[in-house]
Amino acid sequence: MPPRPHRRTHLRAAITALALALAGLSPLALAPGTAATPPPPSSAAPDLGERVIVFDPSMPVAEIRERANAIWQQQVDAEMSEERWSLLFQPGTYGTAAEPLQIKVGYYTEVAGLGVSPSDTVINGKVEVYNRCLNDNGTSYCVALNNFWRSMSNLTIQVNGTGQDGCRASANFWATSQAASLRRVDVRGGNLSLMDYCTAGPQYASGGYLADSRTGLVINGSQQQWLTRNSEVGEWSNGVWNQVFAGTVGAPSEAGFPTPPYTTLDRTPISREKPYLHIGASGAWQVRVPAAQADSRGISWADGPTAGRDLPLSSFHVATPAQPASVLAKALDRGKNLLLTPGVYDVDRSLVIRRDDTVVLGMGQATLTAVGGATPVVVRHQAEGVVLAGITVDAGTELSPNLVHIQGQPGNKQKPRTITPSTTLNDVYLRVGGPHIGRADTSLRIDADDVLIDHAWVWRADHGVEGFTEGVAGDTDRWRTNIGRQGLVVDGDRVSATGLFVEHYQEFNTVWNGEDGHVVLYQNELPYDPPSQADWTRPDGTLGWSGYKVADDVLRHQLFGGGVYVFNRNKPSITTESGFEVPDRAGVRLHHVLTVNLEAGSIEHVVNDTGARVDSSAPGVPSYVVDYPAAG
């Protein structure tokens, strides 16, 4: 498969200097927290299939390490594979000071604790992601730009680098880009590094997400954009284009933006943490569904277990990839929730959610693939309090109208905002292309009011196993075969997003038609592959489609921290008029937005006709607009 081209060429000297400084960093100890609780009374683990591995503290460290390492070896380069894994750790302590448990996480792998709180499961060691070397048979071009589709959650890392070289000893490395979340993680006794400065020196990473977590020193390094939500950090080091914080204790000040490039909200207006499996006091396996919060700050588990409700596994249909979509659909019709065990599911009919408070929870990056032009997931307008979490939805080879459709109730525009979102999407990823040719007109359509998007990557693939010939000038394969007109269309009112990544679509990547939209961190790359300027020109003659479009008749909208990148690989002479396009009125406000060139193509303005042009004369150097309209 073709390697992903690097996204910027600036700051190499600065990052190299940073790496040299990092080598001398000492671990930053945190105040001791609650000790890990002993495991609850034993209960037989449910049958979740052979792709779910459950560890317990009585297992030898060497055995756990060997099993986890075998999966990592299989998955480290398996970017477009169908393999899926969930590694679950029962409550207790793993590893010792002398023999730490050090494991790495590859593609389509979930690592999670099974306690009620992160302190219930302690790993004395590390759970890490390093750079991936993409060229010359895996010996050069070592970056984190393609490190997608993995997660770590609900455990404590007592950083222990015993046996590792000096460069790695003081930090737990999580060098990832999109679709790789850290949730409910407590990092103690060492640093958390969001880039890998040890493999072939400091290298690139692009976009990531940390929520409901606590850590000491965070080494941001070469992460271009990153969201930290409802967390606690002891210190934050470095920033590239825009690092965004919401409801985070210890977040740096945004004063002086873009030097340093921080965007900071004291509180998160609406949040709802992702559901998670845990073993209850009786030993029964349950799913905790956290309650929604308004104007929240800090971690949800500071004073005890996260507030919410527990659902027994008996309330879920435990699905396997061998089951046809009709079986899953009938389970939903019977009032069951869905627990999708790891794997790839062929979905030839919509999974329709009609019941309030339904939970669809994926394990190990469970993936729903559209078959026959189906829309795999539909939430009907009457359903309230629905949660979709931990799922990837793929376009199939026949054109789907949508991949996920959150339907709305017509004529209900005056409904007041509620604390609990009508639908919450936690770690929901949508793809057009990549592992196979894909076609979907709009990936995510939201017609309902009061929806919360909490970390989504909506991606028309810029690389993959089919549909693109690397290095062929003017190649049109991908443009003609992998069809994705729009990534996200929002027609509902009071829709919020915390961590929204939408990339490479063939017209507007995001279209926001509803009122009172509120977005915290937006990352976009325009498509790499338009064959010509004519293909990238609107019917009215406007050059290109903006990465973020707020409809002309919208009265109120807010965006905090956004970036639109351009890398027109097929035709470097292509121009786009503006990165962001919004109506000029006081109620529509953008705060801390930028455009940047990544060596090919140009964008004339950041927002409408405001902001300097970016082009290949200064690759990697952003053009910023601090506030639009200008403050004061």
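Only the coordinates and a few stated rules stand behind these numbers; no lab work does. Please read all numbers here as calculations on a predicted model, not as lab measurements. Please note: Cβ atoms are built from the backbone with ideal geometry, for glycine as well, and neighbour counts cover all protein chains shown.
What to note about this one:
- Net charge dipole, the stretch 12-266: roughly 320 debye, given to the nearest 20, about the Cα centre with Cβ charges of +1 for Lys and Arg and -1 for Asp and Glu.
- Think of each Lys and Arg Cβ as +1 and each Asp and Glu Cβ as -1; about the Cα centre, that makes the dipole of the chain roughly 680 debye.
- In this label model, Glu235 and Thr542 are separated by 4.6 nm, measuring between points 7 Å along each Cα→Cβ vector.
- When the stretch 417-554 is described by a simple charge dipole with +1 on each Lys and Arg Cβ and -1 on each Asp and Glu Cβ, the residue from Ser422, His504, Tyr548 located farthest towards its positive end is His504.
- Using a Förster distance of 25 Å, the FRET efficiency for Arg67-Ser140 (Cβ separation, nearest 0.05): 0.25
- Distance cut-off 27 Å, percentage of C-alpha pairs in the stretch 476-617 lying past it: 16
- Point-charge dipole on Cβ atoms (K/R +1, D/E -1) for the stretch 141-216, about Cα centre, debye to 20: 180
- Think of the chain as a dipole: +1 on every Lys or Arg Cβ, -1 on every Asp or Glu Cβ, centred on the Cα centre; then among Gln382, Ala291, Thr595, Ala291 lies furthest on the positive end.
- Reciprocal of mean inverse Cα separation for the stretch 55-128 (Kirkwood radius, Å): 12.7
- Summary value for the chain: 8 percent relative contact order, contacts being C-alpha pairs under 8 angstrom separated by 6+ residues.
- Between Ala307 and Thr96, the contour length at 0.36 nm per residue exceeds the alpha carbon distance by 72.8 nm.
- Pairwise centroid distance, computed over Cα atoms, of the stretch 42-114 with the stretch 140-156, Å: 15
- Relative protection proxy for 164-172, 217-225, from highest mean packing down: 217-225, 164-172 (other beta-carbon atoms within 10 angstrom).
- Enclosed volume per residue, in Å³, of the convex hull spanned by Cα atoms of the stretch 12-266: 125
- Annotation: average projected area of the stretch 355-628 is 14.0 square nanometres, based on the convex hull of Cα atoms across all directions.
- For the stretch 286-417, the Kirkwood hydrodynamic radius from C-alpha pairs, put into Stokes-Einstein at 10 °C and a viscosity of 1.306 mPa s, yields a diffusion coefficient of 99 µm² per second.
- Label sites at Ser617 and Glu82, each approximated as a point 7 angstrom past Cα along Cα to Cβ, lie 5.1 nm apart.
- Spacing of the modelled spin labels on Asp56 and Leu399, each 7 Å from Cα toward Cβ, amounts to 5.5 nm.
- Cys167-Ala255 FRET efficiency (beta carbon distance; Förster radius 35 Å; 0.05 resolution): 0.60
- D_trans [Stokes-Einstein, Kirkwood Rh over alpha-carbon pairs] for the stretch 229-360, 25 °C, 0.890 mPa s, µm² s⁻¹: 138
- Euclidean distance of C-alpha centroids, the stretch 594-632 and the stretch 279-297, integer Å: 43
- In plain terms, the chain from Val465 to Ser314 could stretch by 50.4 nm, reckoned as 0.36 nm per residue minus the Cα-Cα distance.
- Only helices enter the 222 nm calculation for the chain: every DSSP H run of n ≥ 4 contributes -39,500 (n - 2.57), and dividing by all residues gives -2000 deg cm²/dmol, rounded to 500.
- With the largest listed first and rounded to whole Å, the semi-axes of the equivalent ellipsoid of the stretch 318-392 from the Cα gyration tensor are 18, 14, 11.
- Listed peptides 601-613, 435-447 by packing density, highest first (mean Cβ within 10 Å): 435-447, 601-613
- Size of the stretch 161-261 from its Cα atoms: along the principal axes, largest to smallest, the extents are 40, 26, 25 Å.
- Each listed q (0.06, 0.10, 0.12 Å⁻¹) maps to a log10 I(q)/I(0) for the chain from the Debye sum over equal C-alpha point scatterers, namely -0.28, -0.83, -1.27.
- Inter-part distance where the stretch 335-367 and the stretch 188-228 are each reduced to a Cα centre, Å: 31
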